[in-house]
Amino acid sequence: MKRVKKISLIIVGIFFVCNIQVVQGIEKEGRIHKNIFVENIDLSNLTKEQARKKINEILDENNELSLIYKDNKYTIKLNELGIVYNVDEVVNESYNIGRNNTIVNNLKEKFKLDMGNKKTIKLNYSYKEEELNNYINEIDKKLYISPINATIKIESGKIITTKEEYGQKIDKEKLKKEILDKADNIYAYSVEIPIQVAEPKYKIEQLSKIDTILGTYETHFNPKVINRVNNIQIAANATSNILVNTEEEFSFNTFILNSNSVKNMKEAPVIIKGKLEKGLGGGICQVSSTMYNAALYAGMEITNIKNHTIPSAYISKGRDATISLGNIDFRFKNKFNTPILIYNEVFENRIVSTIYGNKEDKKDIEIVTEVIETLPNKVVEKRSEDFYKGEKFVEQDGRVGYKVNTFRVYKSENNITKEFVYESFYPPMDKVIVYGIKSKDIKSAPKIEDKNIKTEFA
């Protein structure tokens, strides 16, 4: 028995020594040990260069990926998506197996490999996020079918709706995952493009709830001021037939600017530094002011409002809403659970703004304004050598200023609630009178009529 055991030990020892010699021979030749794989690529007895070449050849053969949806097929190479494999890293790791440990541990590792144990190394990759996303976006553009919103319009005072249509779009995150899974499985050749339904923003179910007038208001204008009427019509159209969804904010300036209607506006009176002067777009503030009051009556949350510096002739103090494109905006938010529709109409001498919504949101509302302070203006006297003694003229007409509070009053059977909305400030303007101090000299008398001024004599 002892003899058999001794013989067995001798055989194992001889095998072990032979194994060491073989391994040492392989190491001398700079080759990877047998039974070492990268994924399922056998690198046994290959040099680093041979292993690198073998892996790259297989990757090149399987570099092409087809994305398929029905009859549509899009082919691209993985390296065009910025996908790069860590070939050098796995080759070095393969080569170092049985080399980068202690002598005893290296021998144990090599012995296991010689006995048929397989060592598999995972091939990892990196990719460029932007390039992959850009490619997926390009495919999405080709397959995208835009959904069509349900529509709503007012015809002869009636609310007319049409049904929505659904579209389609790529499930971008899912497609991205499947492409990267393909990068993990180097022998996969195609991917089915995942498609999902593109839902419209507005559906008939929502818009059918718009069934009543929540608030309406009208102001009047002089139809003979042609340029101003033109601007009112343009601004009213640009801000009409607008749906505002739940929790969305309406911006007057946004719709004016997005409509490109500014290019068609004409010169009409505008307020510049507290004075009426000619300027592009005069009259559009009458539209914003009319809409402001419709929004107040409709129960909208006013999120941005500013009054003019001069009280307006077409509306009461405290109820105007000035705008300045790119600077001062009129905005409100829909806090109701259903969308609302803004609808403007311009008639011969008036503009009507109406907000439609759900009858459950309709409130009994009254708008109240209170002048809390009247601010007197000053009379400023100036002396000028450009005019004769005894002459005077009004260089600037003055006006009284005001502070006005605006309230929204909600009425119900059992309760009345008063909500503060805004404090309007109309600054006073000094009246400036110029007195002449020049001695009379007929030869050098100025031509008063050449000066565009209002003159009166004492």
Fill in the blank from the handout: When restricted to ASN231, ASN237, ASN253, the only residue more than 21 Å from ILE365 (Cβ to Cβ), in a helix (DSSP H, G or I), touching a residue at least 40 places away in the same chain (Cβ under 8 Å) and under 19 Å from the mean Cα position of the chain (by Cα) is ASN253
Problem - Residues within region 156-211 that are farther than 24 Å from SER66 by Cβ and either in contact (Cβ under 8 Å) with a residue 60 or more places away in the chain or of a type outside the set (Gly, Ala, Ser) (or both), tallied - result: 22
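Kindly establish whether ASN304 is in contact (Cβ under 8 Å) with a residue 24 or more places away in the chain and surrounded by fewer than 19 Cβ atoms within 10 Å (Cβ to Cβ). Before you say what the answer is, go through the steps one by one.
Details: in contact (Cβ under 8 Å) with a residue 24 or more places away in the chain: yes; surrounded by fewer than 19 Cβ atoms within 10 Å (Cβ to Cβ): yes.
Criteria met by ASN304.
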Handout entry: Residue among ASN101, ASN105, ASN137 that alone is at pLDDT below 95, in a helix (DSSP H, G or I) and more than 30 Å from ILE355 (Cβ to Cβ)
Key = ASN105
Handout entry: Answer from ILE179, ILE170 - the residue that is closer than 30 Å to LYS54 by Cβ and not charged (D, E, K, R)
Key = ILE179
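Under the condition of being among the small types (Gly, Ala, Ser) and within 21 Å of ASN241 (Cβ to Cβ), which residue from region 307-354 is surrounded by the fewest Cβ atoms within 10 Å (Cβ to Cβ)?
First pass over region 307-354, keeping only residues among the small types (Gly, Ala, Ser): 312-313, 316, 318, 321, 324, 326, 353.
Those still in the list that are within 21 Å of ASN241 (Cβ to Cβ) too: 321, 353.
Values: ALA321: 31, SER353: 28.
Taking the candidates together, the pick is SER353.
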Fill in the blank from the handout: Among (1) in contact with a Ser or Thr (Cβ under 7 Å, 6 or more places away or on another chain); (2) farther than 21 Å from THR303 by Cβ; (3) charged (D, E, K, R), GLU249 falls short only on (2)
Handout entry: Whichever residue in region 411-442 is loosely packed, with under 15 Cβ neighbours inside 10 Å and among the polar types (S, T, N, Q) and, among such residues, is modelled with the highest pLDDT
Key = THR417
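Would you mind stating whether LEU123 is closer than 29 Å to TYR85 by Cα, in contact with a Gly (Cβ under 8 Å, 6 or more places away or on another chain) and surrounded by 13 or more Cβ atoms within 10 Å (Cβ to Cβ)?
On the way: closer than 29 Å to TYR85 by Cα: yes; in contact with a Gly (Cβ under 8 Å, 6 or more places away or on another chain): no; surrounded by 13 or more Cβ atoms within 10 Å (Cβ to Cβ): yes.
No.
This table checks each residue for (1) closer than 22 Å to THR151 by Cβ; (2) assigned by TED's automatic domain parsing to the domain that holds ILE305; (3) surrounded by fewer than 20 Cβ atoms within 10 Å (Cβ to Cβ); (4) polar (S, T, N, Q).
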| residue | (1), (2), (3), (4) |
| --- | --- |
| ASN227 | no, yes, yes, yes |
| ILE232 | no, yes, no, no |
| PHE252 | no, yes, no, no |
| LEU257 | no, yes, yes, no |
Practice task
Report, by residue number, each residue of region 270-285 that is on the phi < 0 side of the Ramachandran plot and surrounded by 14 or more Cβ atoms within 10 Å (Cβ to Cβ).
Solution key: VAL270, ILE271, LEU280, GLY282, ILE284, CYS285
Exercise for the section: Return the only residue of ILE160, ILE121, ILE154, ILE139 being aliphatic (A, V, I, L, M) and either more than 30 Å from PRO200 (Cβ to Cβ) or in contact with an Asp or Glu (Cβ under 7 Å, 6 or more places away or on another chain) (or both). Expected result: ILE121
Handout entry: In region 65-84, residue nearest to ASN45 (Cα to Cα) [restricted to those that are in contact (Cβ under 8 Å) with a residue 60 or more places away in the chain and not aliphatic (A, V, I, L, M)]
Key = SER66
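The values are calculated or read from the model by the stated rules, or taken from the named source; none is laboratory data. For clarity, every value in this text was computed on a predicted model and none was experimentally measured. Using ideal geometry, Cβ is built from the backbone for each residue, glycine included, and neighbour counts are taken over all protein chains shown.
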